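*Asks:* One structure, pasted below without further comment.
The values are calculated or read from the model by the stated rules, or taken from the named source; none is laboratory data. Every value quoted in this text rests on a predicted model; they were computed, and no experiment measured them. Glycine also receives a Cβ, built like all others from the backbone with ideal geometry; neighbour counts cover every protein chain displayed. Protein only, heavy atoms only, side chains kept; ligands, DNA and RNA dropped before computing areas. Shrake-Rupley method; radii C 1.70, N 1.55, O 1.52, S 1.80 Å.
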Amino acid sequence: MSIRASDWQKRVVLLLVIVLATVAALDQFTPPNVVPSSAPPGDFSAERAMEHLKIIAREPRPLGSQANADVRDYLIDTLSSMGLSPEIQTTTDVQRWPGSDIFQVGTVHNVVVRLPGTESTRAILLDAHYDGSAVGPAASDCGSCVVTLLETLRALKAGPPLKNDIIFVFTDGEENGDIGAAAFASEHHFMKDVGLAINFEALGSRGPAQLYVTSQKNGWLMDQFFKAAPYPLASSFFTDLMGFFPGARPGCDLEEYMDRGRAGFAFLYAGDTSAYHTMRDNVEVIDPRSIQHQGSYALSLARHFGNMDLNAMPDKPNAVFFNVFRNVTVYYSGSWIIPLAVFTSSMFMLIIVLGFYRKHLTVSGLISGAFAFLFSVVITMLLVIVVWQAVRT
Ligand SMILES: [Zn+2]
């Protein structure tokens, strides 16, 4: 078989396009640069947030530990020094895992503070859990979330007042089955005012922060999200999965608020997951750019929804959304799913028919092509397993 010069040129161009597209696609996974502490007071600065984190993430702080109580005191002191009146919600909560006989029980101490608006319609709840796993200092999970809220609160106070109240809930006992968030949602009198809940989480030590789950019927929420967020990285996959399998849980505090009918967003970063729930989840390893990214959502969404009438949040069907490149998001209403599926399937069939008609395709060629694809997937997976085992030993 001989290949003509023009075929070679086509192949080189195709390869270049693939390489460039890959580089451009990977670029979106770099979080935004850290804003320095010298930035104007109304900005979110991860450098300022990191100062809190150095104190919060000194040692493991599981539910009921002395370190957990020390961090709670630090939160009360910090919030009081901002001129606010934080309170501690102490209660014992029991959680039953849906459909099972596993119960989780504990006495939690949630730190709750309310930033009053000028003419509140419904309140926005910002949630981060301050407890951590017993095996590491939990800088990312979820010290990073706590300092994201502290820095957001500081920046909000430095700016013009918002219309709606913002309720900050620093939950306890998230690692024990969200019992802190469940206690707030079922017992605290602030909960009746909450219209929208926004939750922050972390599963590694770095990487971009992304919107990984929302409440159902999110069409209107997503319209607003894309107007407000400066570095949007989002995927509708998990939200739709939960729509199909109502038993599937996002595994974070947000589920407690969504279970009680609240609209909501949950964000997380999940790079370097091998740090998750280990001693490596510490302030030396964490990438502050991930906190900057979390903060970009917290502050922009608080300001955006903080000045809207949240009594009028229309139900719109779920949107479909995913990122292609940095700041390039594909986003369309769920009502387009069937028409688009019909269109792409028809195009695919047309290409097959044309391929046979022009004698570029054969049945045996199609079958071996399909098997070659499956084979390459299996081989890639095996290679990754072998290389990973070699790296670990
Ligand atoms: Zn967590």
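*Asks:* Could you please let me know if Leu63 is open to solvent by 40 Å² or more (accessible area, probe 1.4 Å) and touching a strand residue (DSSP E or B) at 6+ places or on another chain (Cβ under 8 Å)?
*Replies:* yes
*Asks:* Can we say Ala270 is within 16 Å of the ligand (Cβ to nearest atom) and under 21 Å from Gly334 (Cα atoms)?
*Replies:* Values: within 16 Å of the ligand (Cβ to nearest atom): yes; under 21 Å from Gly334 (Cα atoms): no.
No: the conditions fail for Ala270.
*Asks:* Quickly run through the range 69-91 and pick out the residues that are of a type in the set (Ser, Thr, Tyr) and touching a residue at least 24 places away in the same chain (Cβ under 8 Å).
*Replies:* Thr78, Ser85, Thr91
*Asks:* Across the range 279-336, what is the number of residues that are in contact (Cβ under 8 Å) with a residue 24 or more places away in the chain, of a type outside the set (Val, Ile, Thr) and not in a loop (DSSP other than H, G, I, E, B)?
*Replies:* Counting residues in the range 279-336 that are in contact (Cβ under 8 Å) with a residue 24 or more places away in the chain, of a type outside the set (Val, Ile, Thr) and not in a loop (DSSP other than H, G, I, E, B) gives 27.
*Asks:* Restricting attention to the range 157-169, does a residue exist that is in contact with a Lys or Arg (Cβ under 7 Å, 6 or more places away or on another chain) and either within 16 Å of the ligand (Cβ to nearest atom) or over 17 Å from His304 (Cβ atoms) (or both)?
*Replies:* No: the range 157-169 contains no residue that is in contact with a Lys or Arg (Cβ under 7 Å, 6 or more places away or on another chain) and either within 16 Å of the ligand (Cβ to nearest atom) or over 17 Å from His304 (Cβ atoms) (or both).
*Asks:* Can you tell me which residues in the range 165-206 are aromatic (Phe, Trp, Tyr) and crowded, with 24+ Cβ neighbours inside 10 Å? I'd like the intermediate steps shown before the answer.
*Replies:* Of the residues in the range 165-206, the ones aromatic (Phe, Trp, Tyr) are 168, 170, 184, 190, 200.
Scanning the range 165-206 gives Phe168, Phe170, Phe184, Phe200.
*Asks:* A further question on this structure: Please identify the pairs in which a residue from the range 133-146 that is open to solvent by 10 Å² or more (accessible area, probe 1.4 Å) has its Cβ atom under 9 Å from the Cβ atom of a residue that is near the ligand (Cβ under 8 Å from one of its atoms), counting only partners at least 6 apart or on another chain.
*Replies:* Within 9 Å, the pairs are Ser133/Asp141; Ser133/Glu175; Ala134/Glu175.
*Asks:* Being within 25 Å of Tyr269 (Cα to Cα), surrounded by fewer than 20 Cβ atoms within 10 Å (Cβ to Cβ), assigned by TED's automatic domain parsing to the domain that holds Gly180 and of a type in the set (D, E, K, R) is true for just one of Arg96, Arg72, Arg58. Which residue is that? Before you say what the answer is, go through the steps one by one.
*Replies:* On the way: Arg96 fails: within 25 Å of Tyr269 (Cα to Cα); Arg72 fails: surrounded by fewer than 20 Cβ atoms within 10 Å (Cβ to Cβ).
Every option except Arg58 fails the conditions.
*Asks:* Which condition number in (1) in a loop (DSSP other than H, G, I, E, B); (2) under 30 Å from Gly159 (Cα atoms) is the one that Glu59 fails?
*Replies:* Exception for Glu59: condition (2).
*Asks:* In contact with a helix residue (DSSP H, G or I) (Cβ under 6 Å, 6 or more places away or on another chain), open to solvent by 70 Å² or more (accessible area, probe 1.4 Å) and closer than 28 Å to Ser205 by Cβ: does that describe Glu47?
*Replies:* Here the answer is no, as Glu47 does not meet what is asked.
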